[in-house]
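Q: Sending over a structure as structure tokens; questions will come in a sec.
The values are calculated or read from the model by the stated rules, or taken from the named source; none is laboratory data. Computed from a predicted model, the values in this text were never measured in an experiment. For neighbour counting, all protein chains shown are included, and Cβ atoms are generated from backbone atoms with ideal geometry for every residue, glycine included. Side chains are part of the model used for accessible areas, which takes the heavy atoms of the whole protein and leaves out ligands, DNA and RNA. Shrake-Rupley method; radii C 1.70, N 1.55, O 1.52, S 1.80 Å.
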Amino acid sequence: GHEGSGLPPGGVFSLVIDPTSPLASRTLFAAVTGYGVYRSDDGGLSWRAASAGLPEENRNVLQVAMDPTDPRRLVAIAGAQYSAQTRRREPGYIARSTDGAESWQVVKSRVEPQCVLVDPFDPRRIYVGNRNFSGVDYPNALYISEDGGDSWISLDQSQFLAGPGSRDGDQGARVLVSCLAADPTRPGRLYAACREESYDVNNGRGVFVSDDWGLTWQPFPHAGLSNYRIGTLIVDPTNPARLYAGTSGNGVFRFGPPPE
């Protein structure tokens, strides 16, 4: 953010563009850590707050995801945040908007979400990776909704303990699903990557794949991947056989054939 833009000085780690908005005046949604959701209707030149309905004691929004069939439908996730008002650490939540962020409804509270994915084939399916270290909802690592956020099923971390990375640290296994991606050509195929809590004593858990809409997961081939602490996964839209992983400290890795 800078003076006059309307965007506050928080970290912006998630930015979503409405692909149906005019090229000369794009509609953007930004997740601003500590401040909430902000909207721009002029390609990012100016911004306004768009957090009505989100808990005032926690505006630590980490990511916003958009329904690919309806840009008015958005999902936001917020991690835990210390509240000066209550003098306690407020848990995170999952929220939904159906009117382009003019208003929000919390659809799941007392969670620690880290990433969110709206399924490209069925936008009623929403996947949320979870951090379970705080004990709020240990040992859950993934939440799945099949009805747009009205109800949720949870998967604990057990399926994600089979990865090639490190084993339990001094506080036991604390695996979190840090990023999610979907194959745009194969319904039901999803990718997830996992980190662990203790930065100094672990190397993450690597990449996992699911072919049944996220219900079961298996380790993905990891030959050549020298760092399993992954924060970003991207399926190449021009060739879904290529998968890119961004790691903590070792750069970006590619699985699959090189670009032509």
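Q: Output the Cα-based Rg and Dmax of region 67-157 in Å, rounding Rg to one decimal and Dmax to a whole number.
A: 13.4, 43
Q: Could I ask something else about it? Under a 5 Å amide H to amide H cut-off, with H placed in plane at 1.01 Å, what residues pair with V207 once short-range neighbours are removed?
A: F220
Q: Could you please tell me the mean projected area of the C-alpha convex hull for region 1-50, averaged over all directions and given in square nanometres to one decimal?
A: Working: hull surface 12.5 nm².
Over every viewing direction, the Cα hull of region 1-50 projects on average to 3.1 nm².
Q: If you don't mind, there's one more thing I want to ask. What percent does the relative contact order of region 1-94 come to when contacts are Cα pairs within less than 8 Å and at least six residues apart? List each step's numbers first, then the result.
A: Numbers: 208 pairs, mean separation 19.7, N = 94.
About 21 percent, as a whole number.
Q: Apply the Karplus curve 6.51 cos²θ - 1.76 cosθ + 1.60, θ = phi - 60°, to the phi angles in region 34-48 and return the couplings in whole Hz, x for Gly and Pro.
A: Computed from phi, the couplings for region 34-48 are x, 10, x, 9, 10, 10, 10, 10, 9, x, x, 6, 9, 9, 9 Hz.
Q: What does the charge dipole of region 1-159 about its Cα centre add up to, to the nearest 20 debye, if the Cβ of each Lys and Arg holds +1 and the Cβ of each Asp and Glu holds -1?
A: Numbers: 15 positive and 19 negative charges, 82 e Å.
Computed about the Cα centre, the dipole is about 400 debye.
Q: A further question follows. Rounded to a whole number of µm²/s, how large is the Stokes-Einstein D of region 1-156 at 4 °C and 1.567 mPa s, given Rh as the Kirkwood radius over C-alpha pairs?
A: Values: Rh = 15.7 Å.
The calculation lands on 83 µm²/s.
Q: Check L180: other-chain or 5+ apart residues with amide H under 5 Å from its amide H, H built from backbone geometry?
A: L233
Q: Related question: Rounded to the nearest percent, how much of the accessible area of the chain (1.4 Å probe, protein heavy atoms only) is carbon and sulfur? Write down the numbers at each step before the final one.
A: Numbers: 5990 of 11910 Å².
On the chain, the fraction of accessible area on carbon and sulfur atoms equals 50 percent.
Q: Quick one: what Rg and Dmax do you get for region 72-122 from the alpha carbons, in Å?
A: Calculated on Cα positions, Rg and Dmax stand at 12.7, 43 Å.
Q: Quote the relative contact order of the chain in percent (integer), defining contacts as alpha-carbon pairs under 8 Å separated by 6+ residues. Don't skip to the end; give the middle numbers.
A: Numbers: 713 pairs, mean separation 24.7, N = 260.
Across the chain, relative contact order equals 10 percent.
Q: Can you list the HN-Hα couplings for region 58-66, worked out from phi with the Karplus curve (6.51, -1.76, 1.60; θ = phi - 60°), rounded to whole Hz and with x for Gly and Pro?
A: Rounded to whole hertz, the list is 8, 10, 7, 6, 9, 7, 10, 10, 10.
Q: Further, regarding this structure: Tell me, what is a quarter of the convex hull surface for the C-alpha atoms of region 203-260, in nm² with one decimal?
A: Values: hull surface 17.6 nm².
Mean orientational projected area (region 203-260, Cα hull): 4.4 nm².
Q: Still on this structure, I have one more. Among residues other than F255 whose Cβ falls under 13 Å from its Cβ, what is the net charge (Lys/Arg +1, Asp/Glu -1)?
A: Details: positive: R242, R254; negative: D183, D236.
That sum, taken over residues with Cβ under 13 Å, equals 0.
Q: Oh, and also: Could you report the chain's accessible area per residue, 1.4 Å probe, as an integer in Å²? Could the numbers behind the result be given before it?
A: On the way: 11910 Å² over 260 residues.
Per-residue accessible area for the chain comes out at 46 Å².
Q: With the radius of gyration and the Kirkwood radius both derived from the Cα set of the chain, what is their ratio Rg to Rh?
A: Numbers: Rg = 18.1 Å, Rh = 18.8 Å.
Ratio of gyration radius to Kirkwood radius for the chain: 0.96.
Q: Ranked highest first by the average count of other Cβ atoms within 10 Å around their residues, in what order do 111-120, 153-162 fall? Don't skip to the end; give the middle numbers.
A: Details: 111-120: 22.5, 153-162: 17.0.
Taking the mean over residues of other Cβ atoms within 10 Å, the ranking is 111-120, 153-162.
Q: Go from 0 up to the bin containing the longest alpha carbon distance in region 1-90, width 10 Å each, and give me the % of pairs per bin.
A: Cα pair-distance distribution for region 1-90, in percent: 18, 47, 28, 7, 1.
Q: Moving on to the next point. Could you derive backbone 3J(HN,Hα) for region 94-103 from the dihedral phi with the Karplus parameters 6.51, -1.76 and 1.60 (θ = phi - 60°), listing whole Hz in sequence and x where the residue is Gly or Pro?
A: Ordered by residue, 3J(HN,Hα) equals 10, 10, 10, 10, 10, 9, x, 6, 6, 8 Hz.
Q: Whats the longest run of the chain with zero trypsin sites (Lys or Arg not before Pro) that are DSSP loop and have at most 12 other Cβ atoms within 10 Å?
A: On the way: sites that count: R87, R167.
In the chain, the maximal stretch lacking such sites is 168-260.
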